[in-house]
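Shown next, in structure tokens, is the structure this report addresses.
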Amino acid sequence: MEFAWNAAEEAYRAELREVIATLPDDWWEAYAPHGPSSPKLMEHARRFNARLAQRDLIVRHWPQEYGGQDASAWQQIIISEEMWSIGEPRSSLYLGANWAGPAIMKFGTEAQKQKWLRSIAAGELLWCQGFSEPEAGTDLSNMKTRAEPVDGGYVVNGSKIWTSYAARADVMFLLARVGGKGKGGVSCFLVPMDTPGIEIRPIQGVHSRWDFHEVFFTDAFLPADALLGEEAGGWTIVQTIIHYERIGAGRYEKAKRGLDHVVERLKERGLWDDPVVRADCAAARALVEAARLQTYLVIDGRAKDSDPGAETYLARFAMIQADHAVANLTSTYLPDLLIDGADGHLRSQFNSAITAGIAAGAAEVQLNMISGRHLGLPRGA
């Protein structure tokens, strides 16, 4: 693996930072602390995403025919690092750019590609993900939400839970059952959130009032062209996009910059001379860099068109460990700075770490996948 960035990649990062420099001066205090699903950040994201799109910065790694520039997969991780390092000012546009878009590119009709991919590249859509259900959180094959075929499309009934961004998103990537049992009945749909029959209820979280939602479908009609891929063929799509979703968010970079900020505050308070404090910070930094390099290993395979493997789950779990390590430093040595309004940067990183072991796949699920697919252990070992 070549560890140095080439000239094109450095130039891309510099362009991104130019747009990042236009963020409001009170970004860390007023926008970022409660995450990319907060109302204020999501409202600002629409303007910010338009600025990115004006410079063709959002999906340069996509083919030109869909709004990209045929750049390498490395440019996808560069934009992820730069955006997540400051609290993801794109809000949930990243879902479309990271994995919904590639799924549409691979499994969609030409009409779906023209409709959705151009909108993602133009920064026009905020997405949400309708996967988890009250009785089928990580067990997607046990989902109950159904899409019954009717004349001209489908009627959806059921519910989803823990759905981030739902209250202000434009479109949902929905999993629903069309006949069949288990994995065999899973189907994928692209659903505008203003579809009649959709009700959204917020769920209060320990870290945010805006991050989680329940979404209810009551006789919601979806036209036939909302189906992505084949009926009951959604499990193949899910297996494909999981490898994009798991490492799509460069959380390790946010943890790294959060750690740098922790060190600054420790020095201000005269705590840096304590060898135990320095050792704890060094251990956290090692976890951050391990997550970065494990992610780069996955991206390297993607850039070489290699089939995804267990490395994705290793990288995802490494990110969780890095996030938690930095958050633990803050809560141990600087707990007063986690009070709302005390230090927005540290509050943002801490809140992000709370969800790190749940969002984009629970930590326990990653360990199960590592156990079977990487270590070759039998189920239940």
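The values are calculated or read from the model by the stated rules, or taken from the named source; none is laboratory data. Here the structure is a predicted model, which is why all the values come from computation and not from measurement. Here the Cβ positions follow ideal geometry from the backbone for every residue, glycine too, while neighbour counts run over all protein chains shown. Just the protein is used for accessible areas: all its heavy atoms, side chains included, with ligands, DNA and RNA removed. Shrake-Rupley method; radii C 1.70, N 1.55, O 1.52, S 1.80 Å.
Quick notes
- Against the test of being within 28 Å of GLU29 (Cβ to Cβ), surrounded by fewer than 16 Cβ atoms within 10 Å (Cβ to Cβ) and either within 19 Å of the chain's Cα centre (by Cα) or modelled with pLDDT of 90 or more (or both), the options SER348, SER331, SER352 yield a single qualifying residue, SER331.
- When residues in region 285-306 are screened for being modelled with pLDDT of 95 or more and either in contact with a Lys or Arg (Cβ under 9 Å, 6 or more places away or on another chain) or assigned to a loop (DSSP other than H, G, I, E, B) (or both), 3 of them pass.
- Here ALA286, ALA282, ALA249 are screened, and the one residue that is buried (at least 18 other Cβ atoms within 10 Å of the Cβ) and either hydrophobic (A, V, I, L, M, F, W, C) or in contact with a His (Cβ under 9 Å, 6 or more places away or on another chain) (or both) is ALA249.
- Of all residues making up region 9-48, the number that are without any contact (Cβ under 8 Å) to a residue 40 or more places away in the chain and open to solvent by less than 40 Å² (accessible area, probe 1.4 Å): 2
- Filter result (outside any strand (DSSP E or B) and among the β-branched types (Val, Ile, Thr)) within region 192-201: THR195
- Filtered residue count, region 141-181, keeping only those that are under 16 Å from ALA100 (Cβ atoms) and open to solvent by 20 Å² or more (accessible area, probe 1.4 Å): 2
- Residue in region 174-191 that is within 30 Å of ALA290 (Cβ to Cβ) and outside any strand (DSSP E or B) present: no
- Scanning region 207-231 for residues that are of a type in the set (Gly, Ala, Ser), closer than 25 Å to GLY108 by Cα and surrounded by 17 or more Cβ atoms within 10 Å (Cβ to Cβ) yields a total of 3.
- Residue in region 59-75 that is closer than 27 Å to ASN6 by Cβ, buried (at least 22 other Cβ atoms within 10 Å of the Cβ) and of a type in the set (Val, Ile, Thr) present: yes
- Selection of region 151-170 for residues being under 13 Å from VAL191 (Cα atoms) and assigned to a loop (DSSP other than H, G, I, E, B) yields ALA166, ALA169, ASP170.
- For region 106-140, the set of residues classified as farther than 22 Å from GLU88 by Cα, surrounded by 13 or more Cβ atoms within 10 Å (Cβ to Cβ), without any contact (Cβ under 8 Å) to a residue 40 or more places away in the chain and within 21 Å of the chain's Cα centre (by Cα) consists of SER132, GLU133, ALA136, listed by residue number.
Table: residues versus (1) free of Cβ contacts under 8 Å to residues at least 24 places away in the same chain; (2) farther than 18 Å from ALA327 by Cβ; (3) not β-branched (Val, Ile, Thr); (4) not in a helix (DSSP H, G or I).
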| position | (1), (2), (3), (4) |
| --- | --- |
| ASP260 | yes, no, yes, no |
| VAL277 | no, no, no, no |
| ASP280 | no, no, yes, no |
| ALA283 | no, no, yes, no |
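- Taken together, the criteria place ALA53 among residues that are open to solvent by less than 30 Å² (accessible area, probe 1.4 Å) and in contact with a helix residue (DSSP H, G or I) (Cβ under 9 Å, 6 or more places away or on another chain).
- Scanning region 94-150 for residues that are assigned to a helix (DSSP H, G or I) and among the aromatic types (Phe, Trp, Tyr) turns up TYR94, TRP99, PHE107, TRP116.
- Filter result for ALA45 (over 20 Å from ALA353 (Cα atoms) and out of contact with any Lys or Arg (no Cβ under 7 Å at 6 or more places or on another chain)): no
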